[in-house]
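Q: Have a look at this one before I ask anything.
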Amino acid sequence: MRRALFPLVAALGMVFGLTAAAEVHAASTTLFYPTQDAPSFSLVVPGDWELEQAEEDGGFATLNGPSGAQLSFRTVAAEKEDLEAAIEETVDWVQKNYDDVKIEKATDAEENGLKGFSSAGTGKMKEDGSAVVFVMEWLMLNNGSLAEVWFCVDVNDKAGLAAAGKIMKSFRAR
């Protein structure tokens, strides 16, 4: 009897193993921005993050994590004055929408071979005063545009912070 069950148990183990592997593989997806047919860049996103599409061309698309972490991104023109305006616009938006904002001056950055600028800071949610961390990057793309990617996560949300950081590290120009 034990010998007769062994092939069944082994087969079930293989099926469950393959299913688990497929679920792990399906747990994340590659998101192409602005479209899959004509992407400027891609990000690998956990399956439990939800996408809010940009409302207009050049507007921010936003990923919302299950714990409340948010990661927003867009592309803009890449002339020097456009870069400075994009950085200023983001910093101004953060200062208007959060309290006690402290943002470091943008410094040179490189992500997966792309050069640009990055900055980080802290603030508090206007609704409840909870402390948050911001990380922002502006990267020059090969197509002559600028990618802006930034996230906001509660300082106590270690999983959200790790996931948002991993998404940013997955950034690839297309």
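Q: Answer rounded, prolate or oblate for region 26-77, using the Cα gyration tensor with square roots of eigenvalues a ≥ b ≥ c: rounded when a/c is under 1.5, else prolate when a/b is larger than b/c, else oblate.
A: Because a/c hits 1.5 or more and a/b fails to exceed b/c, region 26-77 counts as oblate.
Q: What number results when the radius of gyration of region 28-173, computed over Cα atoms, is divided by 2.2 N^0.38 Å?
A: 0.98
Q: With the crude spin-label approximation of a point 7 Å out along Cα→Cβ, what separation in nm comes out for Phe32 versus Thr107?
A: Those two pseudo-labels are separated by 3.6 nm.
Q: Taking loop as defined by DSSP and a crowding limit of 13 other beta carbons within 10 Å, which GluC sites (Glu not before Pro) in region 86-115 fit?
A: Glu104
Q: Assuming a strict under-26 Å limit between Cα atoms, what lysine pair count do you get for the chain once near-sequence pairs (fewer than 8 apart, same chain) are dropped?
A: Eligible lysine pairs with Cα atoms under 26 Å apart amount to 29.
Q: To continue, here is another question. Go through region 116-160 and name the trypsin sites (Lys or Arg not before Pro) that are in a DSSP coil and have 13 or fewer other Cβ atoms within 10 Å of their Cβ.
A: Answer by residue number: Lys126.
Q: Using alpha carbon coordinates only, what is the Rg to Rh ratio of region 56-107, with Rh defined as the Kirkwood radius?
A: 1.00
Q: On to the next question. Within region 25-92, report the chymotrypsin sites (Phe, Trp or Tyr not before Pro) that DSSP leaves as loop and that have at most 15 other Cβ atoms within 10 Å.
A: none
Q: Take every DSSP beta bridge with both residues inside region 28-173 and express the antiparallel ones as a percent of the total, to the nearest 5.
A: In region 28-173, DSSP labels about 100 percent of beta bridges as antiparallel.
Q: Inverting the mean 1/r over all pairs of different Cα atoms, compute the Kirkwood radius of region 81-165 and quote it in Å.
A: One over the average 1/r among Cα pairs gives 13.5 Å for region 81-165.
Q: Sticking with this one: Calculate, in nm to one decimal, what Asn64 and Ala162 gain on full extension: separation in residues at 0.36 nm each, minus their alpha carbon distance.
A: Length gained, Asn64 through Ala162: 33.9 nm.
Q: Modelling each spin label as a point 7 Å along the Cα-to-Cβ direction, I'd like the Lys169/Ala120 distance in nm, to one decimal.
A: Placing both labels 7 Å along Cα→Cβ, they lie 1.3 nm apart.
Q: Give me the one-decimal nm value for the distance between modelled label points at Glu84 and Asp100, 7 Å along each residue's Cα-to-Cβ direction.
A: Those two pseudo-labels are separated by 3.3 nm.
Read-outs throughout are calculated quantities, based only on the coordinates presented, and are distinct from any laboratory measurement. Since the structure is predicted, the reported quantities are computational estimates derived from the model, not experimental observations. Cβ atoms come from the backbone with ideal geometry, glycine included; neighbour counts cover every protein chain shown.
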